[in-house]
Amino acid sequence: MAAGWLCRRLCQGSAFPVSYASRIMQKQCFLLNSSLGARLAGSHVDTQEPKTNPLISISDEPEILYKRLSLLVKGHDKAVLDSYEYFAVLAAKELGISIEKVYNPPKKIERLTLLKSVHIYKKHRVQYEMRTHYLCLELKYITGSTAAVYLEYVQRNLPEGVAMEVKKTKIEKVPEHIKEPVWDTAPQVEETQVKS
């Protein structure tokens, strides 16, 4: 009886603080008396149809395993790369991906020297340089589906002016013809001693 009172109070909009749970309960409130079979206004009934997601596919083929997934991110702004590093590491931790290491390879500086003057004053020059900063993230022991989800998320949130290279190292079974060494399957040759 107390549960019925609570349900009616929630459905009427009581003085209780409105939380997510009370709003859900408000939408799905039913009278507890099953003999009446009446519903309260504003509620709905969930039908027991099987819920299938067309985006999820189930296959019998084995999952692809990667020993290492190496992301090389390059850009001209160091602050943007630092911010992106924080984002990529946080996304990997949320997905439960183990991070092997994060490091910054040496930056590449490309200089271009031009004359300031068109005709004379050869000593007066100006130099322009383009600095390319690098960031490398190495993730280890990751499945193919997790790698696809992580790469999709990380690549969609790639900042402007930043490029990414991905290298995947796949783990595969040793082929059948290599499993047994050749010298174990070859016939034994008798050694003869030569007398001199």
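Descriptive notes on the structure:
- Residue check: K123 meets all listed conditions (1) at pLDDT below 90; (2) exposed (fewer than 10 other Cβ atoms within 10 Å of the Cβ); (3) closer than 30 Å to G75 by Cα but one, namely (3).
- If you check L151, L135, L95, L139 for being surrounded by 13 or more Cβ atoms within 10 Å (Cβ to Cβ), touching a Gly at 6+ places or on another chain (Cβ under 9 Å), under 30 Å from I64 (Cα atoms) and modelled with pLDDT of 90 or more, only one passes: L135.
- Residues in segment 105-120 that are open to solvent by 80 Å² or more (accessible area, probe 1.4 Å), outside any strand (DSSP E or B), modelled with pLDDT of 90 or more and of a type outside the set (K, R): P106 alone.
- Taking segment 56-69 as the range and being within 19 Å of V166 (Cβ to Cβ) and either surrounded by 16 or more Cβ atoms within 10 Å (Cβ to Cβ) or over 18 Å from the mean Cα position of the chain (by Cα) (or both) as the test, the residues that pass are Y66, L69.
The values are calculated or read from the model by the stated rules, or taken from the named source; none is laboratory data. Keep in mind it's a predicted model, so treat the numbers as computed, not measured. Quick reminder, even Gly has a Cβ in these numbers, built from the backbone with ideal geometry, and neighbours come from all protein chains shown. With ligands, DNA and RNA removed, areas are computed over all heavy atoms of the protein, side chains included. Shrake-Rupley method; radii C 1.70, N 1.55, O 1.52, S 1.80 Å.
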